[in-house]
Amino acid sequence: MGIWIRSQDGCVLCNANTIWIEDEDVLANKGSIPTWLGEYACEAEAMQVLDQIESLIETIEYFKARPNSDMPWPPFVFQMPESGLVGGADDDRS
């Protein structure tokens, strides 16, 4: 199962099976090629974005298991948020 993700700059839309953090960057596989998805102020903020992606995957899987749910379906594409828009990020900015 993959998840569709739109990069922070809007230039990449990929169906990612593996998503990871390198320093402050979030990357995903696009085939066998690592693809940049976003850059954040610190690794903790990047981790929060990864947590948001995980939460969306869990929600989509929940709805797949309950196709007759009356609740509205979540979005099928995760838009990478801009740096600084992720709540509670503990970074070095003053």
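Just a few scattered comments:
- Within region 67-88, residues that are touching a residue at least 12 places away in the same chain (Cβ under 8 Å) sit with their Cβ atoms under 7 Å from residues that are acidic (Asp, Glu), at 6+ positions apart or across chains, in these pairs: Ser83/Glu39; Ser83/Glu45; Val86/Glu45.
- Ala46 vs. criteria hydrophobic (A, V, I, L, M, F, W, C) and part of a helix (DSSP H, G or I): yes
- Search result, residues across region 34-43 that are over 16 Å from Arg6 (Cα atoms) and in a strand (DSSP E or B): none
- For region 10-43, filtering for residues that are surrounded by 16 or more Cβ atoms within 10 Å (Cβ to Cβ) and among the small types (Gly, Ala, Ser) leaves 4.
- When region 13-34 is filtered for residues that are farther than 27 Å from Tyr62 by Cβ and either touching a strand residue (DSSP E or B) at 6+ places or on another chain (Cβ under 7 Å) or hydroxyl-bearing (Ser, Thr, Tyr) (or both), the ones remaining, listed by number, are Glu24, Asp25, Ser32, Pro34.
- The residues of region 49-81 that are assigned to a loop (DSSP other than H, G, I, E, B) and modelled with pLDDT under 95, listed by number, are Arg66, Pro67, Asn68, Ser69, Asp70, Met71, Pro72, Trp73, Pro74, Pro75, Phe76.
- When we screen Gly38, Gly2 for residues that are of a type outside the set (S, T, N, Q) and modelled with pLDDT of 95 or more, the only hit is Gly38.
- Scope region 44-78; condition farther than 18 Å from Ile5 by Cα and surrounded by 12 or more Cβ atoms within 10 Å (Cβ to Cβ); matching residues: Ala44, Tyr62, Phe63
- Any pair with Cβ under 6 angstrom, 6 or more apart, that starts in region 1-26 at a residue that is free of Cβ contacts under 8 Å to residues at least 60 places away in the same chain and ends at one that is among the basic types (Lys, Arg): Cys14/Lys30
The values are calculated or read from the model by the stated rules, or taken from the named source; none is laboratory data. Note that the structure is predicted; figures quoted are calculated from it, not measured. As a convention, Cβ positions derive from the backbone with ideal geometry for all residues, glycine included, and neighbour counts pool all protein chains shown.
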